[in-house]
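Here the structure comes first, spelled out in structure tokens, and everything after it is commentary.
The values are calculated or read from the model by the stated rules, or taken from the named source; none is laboratory data. Computed from a predicted model, the values in this text were never measured in an experiment. Note that each Cβ is placed from the backbone with ideal geometry, even for glycine, and that neighbours are counted across all protein chains shown. What goes into the accessible areas is simple: the full protein's heavy atoms, side chains included, and nothing from ligands, DNA or RNA. Shrake-Rupley method; radii C 1.70, N 1.55, O 1.52, S 1.80 Å.
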Amino acid sequence: MRLTLRAGRPVTMGAVTNDLSSLSPALTVGFDLDMTLIDSRPGIKAVYDRLAAETGVFIDSDLAVTRLGPPLDDELANWFPRDRIPEVADRYRMLYPDHAITPTPAMPGAPEAVAAVRAAGGRPVVVTAKYGPNAELHLAHVGIEAELRGWLWAEAKAEALIEWGATVYVGDHTGDVRGARKAGALSVAVATGPCSAAELRAAGADVVLASLTEFPGWLAAHTSAAA
């Protein structure tokens, strides 16, 4: 399995033919991680509970996992003074591998969605706000192989999407929609995270799916239309 935090240069879109294998240079599909490819709620809750026990600071972990997506510091600001956040965030990231990886499953349809990109001759990539080394552990645990870029949130995700030449970005949060639009990529939203289908549409998502189980069928139609 090859997982990397960096990637090559953007690809130039070439001619599209009816042979989907020829789409490899042009079809790069980006995926968000939390609540798009993985259901990280059980693992993140376990880390917050451990962090609360260590620090003696109350954290409503059940509430915290209903609003996954934004950077860790944003959530910690609800529970800790701002001057403690860097120290507490570092401790959270240290606790993460031992407490968050094993309890976290793939989202329904996630492995199949990534496989569908490869079956279409494309390249799947992952762009997430999560700390990169911990994101790598998640991908390895659920058996998803993809190039990875971490610590990018909302519009900042466009940096990696543009570099990789991604033409589609799949995510569950309105921040993912904003990142896709800034990158000039098609925004495919899945209503499996904290944002409703209506919120995702209002944010400008081009496509809204109930879950990734619908993605292979959508991708087949999308690539057929492009041909």
Looking at Leu209, is it over 17 Å from Thr28 (Cα atoms) and not polar (S, T, N, Q)? yes
Among (1) aliphatic (A, V, I, L, M); (2) without any contact (Cβ under 8 Å) to a residue 12 or more places away in the chain; (3) crowded, with 19+ Cβ neighbours inside 10 Å, Ala221 falls short only on (3)
Please state which one of Val117, Val125 is assigned to a helix (DSSP H, G or I), aliphatic (A, V, I, L, M) and surrounded by 18 or more Cβ atoms within 10 Å (Cβ to Cβ). Val117
Would you mind stating whether Pro97 is more than 20 Å from the chain's Cα centre (by Cα) and not in a loop (DSSP other than H, G, I, E, B)? no
Specify the residue that is farthest from Thr36 (Cα to Cα); the eligible residues are those in the range 60-71 that are free of Cβ contacts under 8 Å to residues at least 24 places away in the same chain and crowded, with 16+ Cβ neighbours inside 10 Å. Ser61
Identify the residue in the range 142-201 that is buried (at least 22 other Cβ atoms within 10 Å of the Cβ) and of a type in the set (Asp, Glu) and, among all such residues, is nearest to Ile101 (Cα to Cα). Asp172
Sort out which residues of the range 57-91 are among the aliphatic types (A, V, I, L, M) and either within 21 Å of the chain's Cα centre (by Cα) or in a loop (DSSP other than H, G, I, E, B) (or both), and write them in order of number. Val57, Ile59, Leu63, Ala64, Val65, Leu68, Leu72, Leu76, Ala77, Ala89
Which residues, taken from the range 40-50, are of a type in the set (A, V, I, L, M, F, W, C) and surrounded by fewer than 22 Cβ atoms within 10 Å (Cβ to Cβ)? Ala46
From the list Gly56, Gly43, Gly30, exactly one residue is touching a strand residue (DSSP E or B) at 6+ places or on another chain (Cβ under 7 Å) and among the small types (Gly, Ala, Ser). Which is it? Gly30
Counting only residues that are under 19 Å from Ser211 (Cα atoms) and not β-branched (Val, Ile, Thr), how many does the range 164-177 have? 6
Screening Tyr131, Tyr96, Tyr92 for residues that are touching a helix residue (DSSP H, G or I) at 6+ places or on another chain (Cβ under 8 Å), open to solvent by 50 Å² or more (accessible area, probe 1.4 Å) and among the aromatic types (Phe, Trp, Tyr) leaves only Tyr131
Hey, Ala106 hits all of (1) touching a helix residue (DSSP H, G or I) at 6+ places or on another chain (Cβ under 6 Å); (2) open to solvent by less than 10 Å² (accessible area, probe 1.4 Å) but one; which does it fall short on? (2)
Going by what's in this entry, would Thr36 be described as in a loop (DSSP other than H, G, I, E, B) and surrounded by fewer than 21 Cβ atoms within 10 Å (Cβ to Cβ)? no
When you go through (1) open to solvent by 60 Å² or more (accessible area, probe 1.4 Å); (2) assigned to a helix (DSSP H, G or I); (3) farther than 22 Å from Pro108 by Cα one by one for Thr213, which number turns out not to apply? (3)
